[in-house]
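The values are calculated or read from the model by the stated rules, or taken from the named source; none is laboratory data. Predicted model only: the values in this text are computed from it and were never measured. A quick note on method: Cβ atoms are made from the backbone with ideal geometry, for glycine too, and the neighbour counts reach across all protein chains shown. Note: areas computed on protein heavy atoms with side chains; ligands, DNA, RNA excluded. Shrake-Rupley method; radii C 1.70, N 1.55, O 1.52, S 1.80 Å.
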Amino acid sequence: LAGVSDLLDEDWRQDLSQPVLNAWLSRGTEAQRALRERLFELLTDERYRDDCEVNLIGQSEVRLHVPCLIGDYTDFYVGIHHATNVGKQFRPDQPLLPNYKYVPIGYHGRASSVRPSGEPVVRPSGQRKPPEAEAPEYGPSRRLDYELELGIWVGRGNELGQPISIGSAREHIAGYCLLNDWSARDLQAWEYQPLGPFLAKNFLTSISPWIISPDALAPFRSPMPPRPEGDPQPLPYLDDAADREQGALGIQLEVTLSTEKMRRAGLAPHVLSRGQADAAMYWSAAQIVTHHASNGCNLQPGDLIGTGTLSTASDDGLGSLLEISRGGKRPVELESGETRSFLEDGDEITLRAWCEREGAVRIGLGECVGRVIPGV
Ligand code: MN
């Protein structure tokens, strides 16, 4: 935007020329929509062609950064198939806890370690205690994993003490990105009770450095999947007719893995999963935002919210190695002859997402890449 900024309203320039977009996002959805329309105009109208062309910079010539100064990062757990699969490994007879179908479950993550795609994944060390061991020890994680998630960027915030109604939640969502919630499963298993994830997850969170606007996704919205027979309806503060009709996001998701050996042999990355966000999310983005602020907690422009791991009901759409390898019991076989239960040094994970529908322009959500390197 730097180059074409003199073609934009004077009023917008200052916010858009900042190193981060927080001030711009605080203006809300109307301003965002106006900018999107103005950019369309600049890029398609003959009158602006020359001015635009000299000022545009190719994507491959720039390095993209995290678009906001993230004040807070929260991760939810709305992928019901993921929650069920993981729950089964710990509690075969009661995979989902009784609160799951009432409360969009989440925890506060750490904002300082959210980095753009491409940041190396330094293998974390921590306390781990295999079930058979008598005491824990400190050392590099042996069960390093990824989690396929969407990130939700908060636009306009809310004042402390002022909840966001479900009907107005959309006005607080600036857009979406891809998010990889890297997870050290051995550290997690030992530390997570009673207060939930901590060092097993806050060593790094990678994102695709884009804000895909809700307007761009509008053609790909659909009704929320019907709740299975016998499930409770959302409590009134989380229930909204428009959201029921349009809350699901028709986003295609794909995860690939390439190992050092595969890259040396010139082998294509192995597809670990292919799935869809709408089939995975028990709660919508609006329900997530509304629930987060339902106690009066103030969300701020540029806050980042993870959906939780998005797995489909079928085995080819699982969003983590923990699920794919059944906790390490069924390693993945790769074209190089190697197997993987969890990530080894040199492994590279790429998350991709896109929307496609007849009669609509294809929308990409970019890539979220991370390669594991040995810890220090
Ligand atoms: Mn997660």
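Against the condition closer than 17 Å to TYR107 by Cα, among the hydrophobic types (A, V, I, L, M, F, W, C), open to solvent by 20 Å² or more (accessible area, probe 1.4 Å) and assigned to a loop (DSSP other than H, G, I, E, B), how does LEU195 come out, does it pass? So LEU195 passes the test.
Taking the conditions exactly as written (closer than 25 Å to HIS81 by Cβ and in contact with a strand residue (DSSP E or B) (Cβ under 9 Å, 6 or more places away or on another chain)), does LEU299 satisfy them or not? Answer is no for this residue.
Residues in segment 143-186 that are among the small types (Gly, Ala, Ser), within 16 Å of the ligand (Cβ to nearest atom) and farther than 30 Å from THR339 by Cβ: GLY151 alone.
For ARG115, the conditions (1) closer than 19 Å to ALA277 by Cα; (2) in a strand (DSSP E or B) all hold with the exception of (1).
Table: residues versus (1) farther than 22 Å from ASP181 by Cβ; (2) surrounded by 12 or more Cβ atoms within 10 Å (Cβ to Cβ).
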{"site": "GLU10", "(1), (2)": "yes, no"}
{"site": "GLN14", "(1), (2)": "yes, no"}
{"site": "ASN22", "(1), (2)": "yes, yes"}
{"site": "ARG27", "(1), (2)": "yes, yes"}
{"site": "ARG33", "(1), (2)": "yes, yes"}
{"site": "ARG38", "(1), (2)": "yes, yes"}
{"site": "VAL78", "(1), (2)": "no, yes"}
{"site": "TYR102", "(1), (2)": "yes, yes"}
{"site": "GLY106", "(1), (2)": "no, yes"}
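Report yes if VAL86 is away from the ligand (no atom under 16 Å from the Cβ), within 22 Å of the chain's Cα centre (by Cα) and open to solvent by 10 Å² or more (accessible area, probe 1.4 Å), otherwise no. No: the conditions fail for VAL86. A search for C-beta distances below 8 Å between a residue of segment 133-153 that is more than 19 Å from HIS81 (Cβ to Cβ) and among the acidic types (Asp, Glu) and any residue that is assigned to a strand (DSSP E or B) and away from the ligand (no atom under 15 Å from the Cβ), counting only pairs 6+ apart in sequence or on different chains, returns GLU137/GLN127; GLU137/ARG128. Does at least one position in segment 200-211 carry a residue that is of a type in the set (S, T, N, Q) and part of a strand (DSSP E or B)? Scanning segment 200-211 turns up at least one residue that is of a type in the set (S, T, N, Q) and part of a strand (DSSP E or B).
Of the strands (runs of 3 or more DSSP E) lying entirely inside segment 260-376, those containing at least 1 residues that are open to solvent by 20 Å² or more (accessible area, probe 1.4 Å) and more than 16 Å from the ligand (Cβ to nearest atom) are 270-276, 348-355, 363-373.
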